[in-house]
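Engineer: I'd like to ask you about the structure that follows.
The values are calculated or read from the model by the stated rules, or taken from the named source; none is laboratory data. Every value quoted in this text rests on a predicted model; they were computed, and no experiment measured them. Cβ coordinates were reconstructed from backbone atoms using ideal geometry, including for glycine residues, and neighbour counts include every protein chain displayed. Just the protein is used for accessible areas: all its heavy atoms, side chains included, with ligands, DNA and RNA removed. Shrake-Rupley method; radii C 1.70, N 1.55, O 1.52, S 1.80 Å.
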Amino acid sequence: MVSVSRLALSQAVRRVASAGSQHPVGRMSLRVLSTVPQPVSRKVVVDRYSAMPPAPASTQRLPNDMIERNALYEEEESRTMGGVTATVRHDWTKQEIADIYGLPFHELMYRASTVHRMYWDPSEVQQCTLLSIKTGGCTEDCSYCSQSTRHNTFVKPTPTMKVQEVLEAATRAKEAGSTRFCMGAAWRELGNKKNAFNHILEMVRGVNGMGMEVCCTLGMLTAEQAKQLKEAGLSAYNHNLDTSPEHYPNVITTRSYEDRLQTIANVRDAGISVCCGGILGLGEEESDRVGLLHVLATLPEHPESVPINALVAVEGTPLGDADVIDSVDAFDMARVIATARIVMPRTMVRLSAGRMSFNHAEQFLMFQAGANSIFNGDKLLTTDNPEFDEDQRMFQRFGFKGKPAHKGPLVAPAESAGKVIITKVEAKSEQYA
């Protein structure tokens, strides 16, 4: 495709407008990804161009803060490359997402991989380490969780780790290549645990002071608690939705879906990045996987990261003992990851629990689908995870590099090379189709 200069296109648009055209210049949409009719737009294209290489392109990074990053693209309508057009939207219908999810696998993979390369450097992968700072003793009835007091599993309750123990673990993770350190506690909510919360704030300050990004998953949070975590230096907060609203009551009864959405809102309003995803293998239908992605893709702001987990069945939990639960294979994971990548182009998609059950070739399929973050280290809360050395061998094999802490993602090489056609729009209330 021959690149057209931004100046020439802008002049052409102005000539058309001055000639009294009653129609906005063509608006790029996601029709290539969906056959569902789109509503009439009142936006007018003001610029369409191929991005030209900055100097030096290899070192140019976007802001690390997702809000700042997204602000750069407020007027961006869509991106096109290789016959695929993508856009960041919050008005997806469930049917549109189902149409994407149901594409033939080869077509879905091509589209997702192309979208990934339009928005990201596919060779840069974020490495996160998760530490359970308070294991077991949770009063929730999550049917997949080994830490619930309602289930008879191998996990025994332990007290909250000391601050120094956590900082030592963070140091080891940093030395092994991790740039984000996540701390999880088996609680329904922080509630009035003032002493424990003060220790956690101290942990957050300590890990942040080491130059690492800090993430927590502590159950439900109030708006005030979220504010204090932000002030302590928390980068992100994980609070998964697990599955669709329809299937959720079959998995958990002690916490509502709305409870989870409220915590996500509290985190977002405090200016903390949201990490929110789900688990495959909970006895859900494919429509529930679509339903989960629909909720995530229609949030007021897309999550900064979406972890996709494969159930690690633990003996003694209802789902671990169930014979009717089908195992999750690499194609299941890749299909969900690819759909997430298409409907949330600027969101990191993270390979999380269950990764140990997939070999390198299967994991590469998931990276090709659009995953660009992993949890590493030998444990994910209470279940096994590939060791640091194994992940480093995998990175070398794939030609991957880790994303540095507190630095934004690299500008997509395809964008720097001028291969991406970017359409910008300007809202014009007087314009009608």
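Engineer: On full extension of the chain, what length is gained from Tyr73 through Asn192, given 0.36 nm per residue of separation minus the C-alpha to C-alpha distance?
Structural biologist: 38.8 nm
Engineer: Further question on the same structure: Quick one: which residues, 5+ away or cross-chain, put their amide H under 5 Å from the amide H of Met220? H built at 1.01 Å from N.
Structural biologist: Glu189, Leu190
Engineer: Ordering Arg111, Arg341 by how much accessible area each has at a 1.4 Å probe, largest first, what is the list?
Structural biologist: Arg111, Arg341
Engineer: For region 83-157, what is the accessible area per residue in Å², given a 1.4 Å probe and the full set of protein chains?
Structural biologist: Per residue, region 83-157 has an accessible area of 37 Å².
Engineer: Which ³J(HN,Hα) values in Hz, rounded to whole numbers, follow from the phi angles of region 74-86 under the Karplus curve 6.51 cos²θ - 1.76 cosθ + 1.60, where θ = phi - 60° and Gly and Pro get x?
Structural biologist: Values per residue, Gly and Pro as x: 4, 9, 7, 8, 7, 10, 9, 7, x, x, 10, 10, 9 Hz.
Engineer: Could you pull out every residue, at least 5 positions away or on a different chain, whose amide H is within less than 5 Å of the one on Ser373? Hs are placed 1.01 Å off N in the peptide plane, and Pro or chain starts have none.
Structural biologist: HN-HN under 5 Å from Ser373: Gln126, Val349, Leu351.
Engineer: Pull up all non-local amide H partners of Glu77: gap of 5 or more, or a different chain, and H-to-H distance under 5 Å with H placed in the peptide plane.
Structural biologist: Thr423, Lys424, Val425
Engineer: Whenever you get a sec, line up Glu68, Glu175, Glu140 from highest to lowest accessible area (probe 1.4 Å, protein heavy atoms).
Structural biologist: Largest to smallest exposure gives the sequence Glu175, Glu68, Glu140.
Engineer: Here is a further query. Could you give the nm distance between label points at Glu301 and Asp269, where each point is 7 Å from its Cα heading toward the beta carbon?
Structural biologist: Distance between the two pseudo-spin positions: 1.4 nm.
Engineer: Now a separate question. How much accessible surface area, in Å² rounded to 10, belongs to the heavy atoms of Glu387 with a 1.4 Å probe?
Structural biologist: Glu387 exposes around 120 Å² with every protein chain in place.
Engineer: Now for a separate question. What nm distance separates the two modelled labels at Arg172 and Gln60, each placed 7 Å from Cα along Cα→Cβ?
Structural biologist: 4.2 nm
Engineer: As an exercise, use a Förster radius of 35 Å and the Cβ-Cβ distance of Arg150 and Ala361 to find the FRET efficiency, rounded to the nearest 0.05.
Structural biologist: 0.35
Engineer: Can you compute 3J(HN,Hα) from phi for each residue in region 220-228, using the Karplus curve 6.51 cos²θ - 1.76 cosθ + 1.60 with θ = phi - 60°, rounded to whole Hz and x for Gly and Pro?
Structural biologist: 5, 10, 7, 4, 5, 5, 4, 4, 5
Engineer: Of all accessible surface on region 244-318 at a 1.4 Å probe, what whole percent is carbon and sulfur?
Structural biologist: Exposed carbon and sulfur together represent 46 percent of the surface.
Engineer: Under the 0.36 nm per residue contour assumption, what length would be gained going from the current alpha-carbon distance of Met210 and Leu261 to full extension?
Structural biologist: Using 0.36 nm per residue and subtracting the Cα-Cα distance, I get 15.2 nm.
Engineer: Could you run the Karplus curve 6.51 cos²θ - 1.76 cosθ + 1.60 with θ = phi - 60° over region 201-210 and give me ³J(HN,Hα) per residue in whole Hz, x for Gly and Pro?
Structural biologist: 4, 5, 4, 4, 4, x, 5, 4, x, 7
Engineer: For the pairs Lys134/Lys407; Lys162/Lys403; Lys194/Lys230; Lys134/Lys227; Lys156/Lys193; Lys134/Lys156, flag any whose C-alpha to C-alpha distance is greater than 18 Å.
Structural biologist: Beyond 18 Å: Lys134/Lys407; Lys162/Lys403; Lys134/Lys227; Lys156/Lys193.
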